[in-house]
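The values are calculated or read from the model by the stated rules, or taken from the named source; none is laboratory data. Nothing here was measured: the structure is a model prediction, and the numbers come from that model. Reconstructed Cβ throughout: ideal geometry from the backbone, glycine too, with neighbour counts over all protein chains shown.
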Amino acid sequence: MRRLLWSWWPWAIIAIWAVVTDRWGWAFSTSVIGLITYLTMPAVSPPRYGLSHEFDIESDEFLDTIAGASSVPFVKGNSIELLHNGDAFYPRMLEAIEAAEVSITIEAYIYWAGEVGLQFARALAERAAAGVTVKILLDAIGSSNIGHEILKTLEDAGCQVAWYNPIHWYTLGRFNNRTHRKSLIVDGHIAFTGGAGIADHWRGNARNPGEWRDTQIRLNGPAVTPLQAGFAHNWQQTTGELLSGAAYYPPSKRRGHLSAQTLMSSPESGGSIVRTMYYLSIVCARKSIYIANPYFIPDAVAIETLVDAKTRGIDVRIMVSGIRNDNWIARQNSTRLIGRLLEAGIQILEYNRTMLHQKTMVVDGVWVTVGTTNFDDRSFSHNEESNVCIFDRGLGAEMQQIFRVDTAACDRVEYDAWKHRGVWARTQEFVASFFEEQA
């Protein structure tokens, strides 16, 4: 019923009938609804065939398949630092800004008014005044409350600020396409990305509801180039300016020993390469799958692959944002859809100390991905997203340990309790189900 209501053609049929029968009020309203559903429904679907587990996550075939399916190679010579919560990542980001020599680019879904926003604005303004080129691309909806003071600080210093996909009558066909990326790139070879934007609620160390739990990475090396290319593409699309030269694309140098793959996902490609990576990783797992994601709204294919993994004896644990979730629709749909997972014995862990916001996965203790992509249809089908993937046993062990530490702030969802949740809970889930693809 939900799919029917969100399809454009039933409303078009009613509108035509209304015109024929001179019901102009009905004709107008159903035409508007039909247009909205046409613009907001996902244009891409998950892969349904070929998700076999003939080879495992540690095989060359897996890495070759991931590289081939995404058209993104693994590049050597990178260093990667995991940074957990604002007390860890904001100082490192500001340190990199203060050391910038030629260029700083930022692509952000959220840059909000507040102390953190002002701190970043002043640091960026200082570098711009010193001659560093500073370009900032903000989502027109996500960062709409950045505030006059921050914008004035940036613009007075010569920082260039552009707005991704502002809402105009002539952009209605793309209004649901947002940039959900969070990247800070300094001098073309140091980058920060992950779940966090620039706002006060990411300060601290996830000690209470006012301090969100999140993970960023500091990436140094050739794997930064795709992040820069993604920024440059959206910057050109927004401003018409082409970015080129060593200020943005410096000569490739080894900065560490890790190979990394940087996935830039966009609805322009006709499908989410991050979703493909997630599903291939799940079916190729042999020991464990640990997923941490705030807005976990699995489609039918994801549910099947996760249940199949559990049936094969794999330890599957999924950590989601619990009672502190800031998105009511996402939380209700997540709760509604986890029944089969719970029945199969998959651990669903609700992080309840504060809002959990990181988007991470570690498989078999060796395959790690950290990025901006939520496990939902909005991220997979509508948003500009980015994830960095690494195959490394040491980093995998570190991520598994962090996941286990976070478990202490979680409550496990039991199948029996889920099955016997009340009428009011089910009613809320039913209402939210009609907006599942828009959560």
I want to confirm something. Restricting to the range 146-158 and keeping residues that are more than 26 Å from the chain's Cα centre (by Cα) and part of a loop (DSSP other than H, G, I, E, B), which single residue is surrounded by the most Cβ atoms within 10 Å (Cβ to Cβ)? ALA157
Residues that are in a helix (DSSP H, G or I) and under 30 Å from LEU124 (Cα atoms): does the range 22-34 have at least one? no
Kindly indicate the residue of the range 182-207 that is assigned to a loop (DSSP other than H, G, I, E, B) and in contact with a helix residue (DSSP H, G or I) (Cβ under 7 Å, 6 or more places away or on another chain) and also surrounded by the fewest Cβ atoms within 10 Å (Cβ to Cβ) among those meeting that condition. ASN205
Going by the conditions given, is PHE55 hydrophobic (A, V, I, L, M, F, W, C), in a loop (DSSP other than H, G, I, E, B) and either in contact with an Asp or Glu (Cβ under 6 Å, 6 or more places away or on another chain) or within 25 Å of ALA108 (Cα to Cα) (or both)? yes
Selected residue (criterion: surrounded by the fewest Cβ atoms within 10 Å (Cβ to Cβ)) from residues of the range 159-181 that are basic (Lys, Arg) and closer than 21 Å to LEU227 by Cα: ARG178
Here is a list: GLU81, GLU107. Which entry is surrounded by 17 or more Cβ atoms within 10 Å (Cβ to Cβ) and part of a strand (DSSP E or B)? GLU107
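Here's the yes/no breakdown for (1) modelled with pLDDT of 80 or more; (2) more than 15 Å from SER259 (Cβ to Cβ):
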residue: LEU39; (1), (2): no, yes
residue: PRO42; (1), (2): no, yes
residue: PRO46; (1), (2): no, yes
residue: LEU51; (1), (2): no, yes
residue: GLU54; (1), (2): yes, yes
residue: PHE62; (1), (2): yes, no
residue: ALA67; (1), (2): yes, no
residue: SER71; (1), (2): yes, yes
Among the aromatic types (Phe, Trp, Tyr), surrounded by fewer than 22 Cβ atoms within 10 Å (Cβ to Cβ) and part of a helix (DSSP H, G or I) - does that describe any residue in the range 413-421? yes
Any idea which of (1) touching a residue at least 12 places away in the same chain (Cβ under 8 Å); (2) among the small types (Gly, Ala, Ser); (3) farther than 20 Å from LEU337 by Cβ is the one GLY313 doesn't satisfy? (1)
Only unsatisfied item for LYS287, checking (1) out of contact with any strand residue (DSSP E or B) (no Cβ under 6 Å at 6 or more places or on another chain); (2) not assigned by TED's automatic domain parsing to the domain that holds CYS389, is (2)
Which of the residues that make up the range 129-142 are within 27 Å of GLY245 (Cβ to Cβ) and surrounded by 16 or more Cβ atoms within 10 Å (Cβ to Cβ)? VAL132, THR133, VAL134, LYS135, ILE136, LEU137, LEU138, ASP139
Kindly indicate which of GLU429, GLU437, GLU398 is acidic (Asp, Glu), assigned to a helix (DSSP H, G or I) and surrounded by 20 or more Cβ atoms within 10 Å (Cβ to Cβ). GLU437
Among the numbered criteria (1) polar (S, T, N, Q); (2) in a strand (DSSP E or B); (3) over 21 Å from the mean Cα position of the chain (by Cα), which single criterion is violated by GLN119? (2)
Residue within the range 338-360 that is among the charged types (D, E, K, R) and over 26 Å from GLU429 (Cβ atoms) present: no
Counting just the residues of the range 208-248 that are of a type in the set (Phe, Trp, Tyr) and either assigned to a helix (DSSP H, G or I) or modelled with pLDDT under 95 (or both), which one comes out surrounded by the fewest Cβ atoms within 10 Å (Cβ to Cβ)? TRP235
Tally, over the range 320-378, of residues that are more than 18 Å from the chain's Cα centre (by Cα) and of a type in the set (D, E, K, R): 7
Which listed residue is outside any helix (DSSP H, G or I) and either loosely packed, with under 15 Cβ neighbours inside 10 Å or assigned by TED's automatic domain parsing to the domain that holds SER144 (or both), from GLU95, GLU101, GLU61, GLU126: GLU101
All-but-one check, TYR111 against (1) within 25 Å of GLY221 (Cα to Cα); (2) hydroxyl-bearing (Ser, Thr, Tyr); (3) at pLDDT 95 or above; (4) touching a Ser or Thr at 6+ places or on another chain (Cβ under 9 Å), failing number (1)
